[in-house]
1. Under the rule of at least 5 residues apart or a separate chain, name every residue whose amide H is placed under 5 Å from the amide H of ARG84.
2. What value does segment 158-205 have for Rg/Rh, both radii from Cα atoms and Rh as Kirkwood defines it?
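Just so it is clear, none of the values below were taken in a lab; they were calculated from the coordinates. In this text the structure is predicted, and so the values were computed from the model without any measurement.
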Amino acid sequence: MEAVRSWSSVIGMAEETGATVDDLDAQLMLRFKDGDTDAFDRLFARHTRNIVNFSYRFVRNREMAEELAQEIFIKVYENAAGYRVQARFTSWLYRIATNVCLNEIRKPRFRAPHRSLDAPPRDGGGENEERTLEIGTAAGPDAILERKDLARIIKQALGQIPEKQRVAFILNKYQELSYSEVAAVLDCSEKAVKSLIHRAKEALAERLAPLTSELLPK
């Protein structure tokens, strides 16, 4: 699959979401574009955790996810001069993040055969592994361990579905972007986004059915 978009088109996104400078992140980016480095620091502080978690869902290694997040923000820094408020800042940011993550997992070391879904976990699990599935504060130790194991299995299953379906599903279900925002990231229609997410759910259900019937997040 080709990259979501070339870097030149990432820099100058076509108007798709009707974003305005009421978007605080866009305001901060414009201030940074004008030379206010404190504005960039605020953007980094506001989004770095989410970008690390987004990256982790692709590479499943916390240290590598943090390195990818650094690379993503370097590209934000480098592309500041071409930034225009023609979509929400988060759509622009996640388009950059998606390109970086997809380029990383296309490297030869990620083309090894898929591991079994019931294989033991790898080293480098994320600090928010338990957040993939909600765990009630009153849950007992056995329930917490079971949910964490199911969360790990979902992450592995996500790595086995087509790239665009995976990206659409992660952006919508985990990063909480709207259909229109996901469409802006992937440069497609909202109808196409809904179709991608539906197919992703079907693919995940097929892979997870032999193990459990309650894995998919609601």
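1. Amide H neighbours of ARG84: MET13.
2. Values: Rg = 9.4 Å, Rh = 10.2 Å.
Here the Rg-to-Rh quotient is 0.92.
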